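Take a look at the structure below.
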Amino acid sequence: MAKLILIRHGQSLWNLKNVFTGWVDVPLSANGINEAVEAGKQLADIRFDVVYTSVQVRAIETAMLALAQNKSEKTPAVIHSEGKMKDWTTIYSDEMNKNMIPVYHDWHLNERYYGELQGKNKAETAEEYGDEQVHQWRRSYDVPPPNGECLQDTAARTIPFFKEKIVPELEKGKNVLVSAHGNSLRSIVMYIENLSKEGVLKLEIPTGKPLFYEMENGALTRQ
């Protein structure tokens, strides 16, 4: 059976500082690096065939640090689709091509865009706008923060990408790792597990903790 592993990136520097991050491209904290390494140890025996991450550095770092713990002899390599990086990253060894794990970065897996909240401290924002308003921006399904995305908006890009790019790989029997973000993964889990709009609001995905699924007869089941 094909395996799908979803992992939220390890703690970022702005997670540590309790700041709204969204699309701001900040790296992992020291604790986040440790989380990614520990996640990789949990996944060490799984032979991955393909990896997908967002284009944000914290998700990319998490995937690569986790894969560095893998017992497979295959090497993860980022696949570039345009320009010099596409031309000049060609591998001219058949042996190495066979022993490579392609890693694809795509913006559809990016974190929810937090708009004008990005860079603001969460506690200070709650003091400014009130706990209830900030809770609604953070946890409601269809109320976006100022000039940002709500979870419904995020799902409108993540779910089609998941169905069009990732599901076909699983249907071919491939093991897939997806390294992304709290809200982009919440929307994907909502689709996989057929959660209601109310049900997904209660869903929390912790940093650096893999979620395990298996595909059998076209259906994904949480392990």
Tilt, helix 57-67 to longest principal axis of the chain (alpha-carbon atoms), in degrees rounded to tens, equals 40
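May I ask you to derive the relative contact order of the chain, considering only C-alpha pairs under 8 Å and at least 6 residues apart, and to give it as an integer percent?
Over the chain, the number comes to 33 percent.
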Pick from 61, 116, 95: which is most flexible by mean-square fluctuation in a GNM of the chain where alpha carbon atoms under 10 Å apart are linked? 95
Out of 32, 205, 217 - ranked by how far each Cα lies towards the positive end of the dipole of the chain, with unit charges on the beta-carbon of charged residues - the top one is 217
From the residues 92, 79, 148, which one has its Cα farthest along the dipole of segment 76-223 in the positive direction, the dipole being from +1 and -1 charges on Cβ of Lys/Arg and Asp/Glu about the Cα centre? 92
Just check segment 46-89 against the gyration tensor rule for me: Cα atoms, a ≥ b ≥ c as the square roots of the eigenvalues, rounded for a/c under 1.5, and otherwise prolate or oblate depending on whether a/b exceeds b/c. oblate
Helix 182-192 versus the longest principal axis of the chain: what is the Cα-based angle in degrees, 0 to 90, to the nearest 10? 70
Could you identify which residue out of 71, 84, 202 has the top mean-square fluctuation in a GNM of the chain using Cα springs shorter than 10 Å? 84
Point-charge dipole on Cβ atoms (K/R +1, D/E -1) for segment 1-109, about Cα centre, debye to 20: 220
What does the charge dipole of the chain about its Cα centre add up to, to the nearest 20 debye, if the Cβ of each Lys and Arg holds +1 and the Cβ of each Asp and Glu holds -1? 380
Is the shape of segment 1-118 best called rounded, prolate or oblate, per the rule: a/c under 1.5 gives rounded, else a/b larger than b/c gives prolate, else oblate, with a ≥ b ≥ c the square roots of the Cα gyration tensor eigenvalues? oblate
If you line up the long axis of helix 151-161 against the longest principal axis of the chain, both from Cα atoms, how many degrees apart are they, to the nearest 10? 10
Under the rule a/c < 1.5 gives rounded, and otherwise a/b versus b/c splits prolate from oblate, where does the chain land using the Cα gyration tensor? prolate
Given only helices, namely DSSP H runs of n ≥ 4 each adding -39500 (n - 2.57), what is the per-residue ellipticity at 222 nm of the chain, to the nearest 500 deg cm²/dmol? -10500 deg cm²/dmol
GNM result for the chain, Cα springs below 10 Å: residue of 171, 132, 204 fluctuating most strongly: 132
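Bear in mind that the values in this text are calculations on the coordinates, not laboratory data. All values reported here derive from a predicted model rather than from experimental measurement. So basically every Cβ, Gly included, is an ideal-geometry build from the backbone, and we count neighbours across all protein chains shown.
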